[in-house]
Amino acid sequence: MFKNIDLEYQGSAVKSKASMLIALLSVGIVLFSLITMLVEYQPQVSAVKMLVQDKIDLSGVTNPVTAVLLNFRAYDTLLELAVLLIAVTAVLPIRNKNIATVQIMPSQNDDLVVVALQRWISPSLLVFAGYLLWAGATQPGGAFQAGALLAGSGVLLFQTTRYKQNYTSLLMRYTLCIGLMVFVGIALALLISSGKLLQYPVNYAGLLILIIESFATLSIAASLVALYSTLMNTAVNAELDGN
Amino acid sequence: MNTLLFYSITGVSLFAIGLLGLIVTSHIMRKILSLNIIGVGIFMLLIALAKQNGESTDPLPHAMVLTGIVIAAAGTALALNLMIRLHDIKRANMRNLDDR
Amino acid sequence: MELIGIFDLLLMLCCLTLAWMALFSASLFRCIVFFICFGLLITIAWAQMGAYDVAIAEAAIGAGITGALLLAAWNRIRPNRRLHSISDKKEK
């Protein structure tokens, strides 16, 4: 069962019954041991939780998840933006960067409902994403949620042939990098001025978090839609390859 | 025997179902789906264990799971691109065999 | 057992069933659709556990972006390739 990696579309999920039985047995043993470990698990008091609760006033926001994500563990978020950018660079093909980012091509073959949906919902998703970004300081929300919502609206724009989008244009390349660039810039500025990596001064912590979150939202949204754009049909992308 | 214990058992069961699918199925896209289900199972275990004692929740696993969801989506996109590349190569090979 | 406990139990059973069907269904398209439904139920599970930030992110990324990615990739590996949009979901 390890020699065969196939790509056939039809057919049953499992090719041979014997491999299913052996695998079922082994995974059953693993599952049984894990459940036994879980039932006997005694939860301890987490020191990190107490620490976050005590120091949350120093972080500039009130939402503990945003405080952890963008202040106490800001280095992890910086590395995550970098990993997202690396994933996009791995799949985004080198195309013409001078073609405009969006071109509107009205045609007769598009589904009227989907086009209306694009025209009405995408702007309102922009407003929702902005609200989620702003509300991330005090309520559940933040940069990742707003970026994901914007990415959803970007994916919606791909569903008809009305908007011809190029995610390798110059504007898009800047948008993909700007989240990481702003974050690294702020980290370098703090390093030079105070000598500590990513330790925001308490008066400006809220403002710095908002700046980093805004550019990170743009970057995350552009990265996710750029990942989606690489999977579109070759006929749509072949025009971009022409020049 | 509270609800959170059930949620952590569900997370571990999702991990086991994903592992079974990863081992047994042979289509590449099913393996990619299995990897995603393994990821969701592990996230569920993390968040269930973050709320074990008291009313306040530990925000650190929440931040880890948030990071994990985004990275899992990016990894899935990379894996799907590789699958399409494999498919094109296989189809080109089959066409070469037919021409001969 | 109170009603919210029964709701949680049913939710978890549905998640496990959907996960099984998302991997071992006969047709690949059905697997992807079950995976999207699974993502939606997992969003409710996150909300039940009090992780509201994770629920918003999972609804947008886990079910939205990953589902769209899987459907676009499925469209590329179908046996007879025509220009289909995602709204046209006829099986071949």
Of residues in the stretch B:1-16 being free of Cβ contacts under 8 Å to residues at least 40 places away in the same chain, small (G, A, S) and within 15 Å of C:L9 (Cα to Cα), the one nearest to the other protein chains (Cβ to nearest Cβ): B:S13
Given the residues A:G136, A:G179, which is the only one that is more than 14 Å from chain C (Cβ to nearest Cβ) and crowded, with 17+ Cβ neighbours inside 10 Å? A:G179
For the stretch A:30-61, give me each residue that is charged (D, E, K, R) and more than 9 Å from every other protein chain (Cβ to nearest Cβ). A:E40, A:D54, A:K55, A:D57
Just one of the numbered conditions (1) surrounded by fewer than 19 Cβ atoms within 10 Å (Cβ to Cβ); (2) within 14 Å of chain B (Cβ to nearest Cβ); (3) at pLDDT 95 or above is not true of A:T234; which one? (3)
In the stretch A:62-95, anything under 16 Å from the mean Cα position of the chain (by Cα), of a type in the set (S, T, N, Q) and at the interface with another protein chain (Cβ under 9 Å from one of its Cβ atoms) is listed as A:T66, A:T77
Would the stretch A:91-113 turn up any residue that is more than 21 Å from A:A222 (Cβ to Cβ), modelled with pLDDT of 85 or more and hydrophobic (A, V, I, L, M, F, W, C)? yes
Any idea which residue in the stretch B:17-47 is surrounded by the most Cβ atoms within 10 Å (Cβ to Cβ), counting only those that are more than 10 Å from chain C (Cβ to nearest Cβ) and over 26 Å from B:L86 (Cα atoms)? B:L45
So which helices (runs of 4 or more DSSP H) stay within chain B end to end and still have 1 or more residues that are under 22 Å from A:T230 (Cα atoms)? B:28-49, B:59-99
Per the filter on the stretch A:87-123, residues in a helix (DSSP H, G or I) and touching a helix residue (DSSP H, G or I) at 6+ places or on another chain (Cβ under 9 Å) are A:A87, A:V88, A:T89, A:A90, A:V91, A:V114, A:L117, A:Q118, A:I121, A:S122, A:P123
When you scan the stretch A:103-119, do you find a residue that is surrounded by 19 or more Cβ atoms within 10 Å (Cβ to Cβ) and within 21 Å of A:G152 (Cβ to Cβ), even just one? yes
Here is a list of conditions, (1) of a type in the set (A, V, I, L, M); (2) within 8 Å of chain A (Cβ to nearest Cβ); (3) surrounded by fewer than 23 Cβ atoms within 10 Å (Cβ to Cβ), and B:M94 meets all of them except one; can you say which number that is? (2)
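The values are calculated or read from the model by the stated rules, or taken from the named source; none is laboratory data. Just so we're clear, the structure is a prediction, and the values are computed from it rather than from any experiment. All Cβ positions, even for glycine, are placed from backbone atoms using ideal geometry, and neighbour counts span all protein chains on display.
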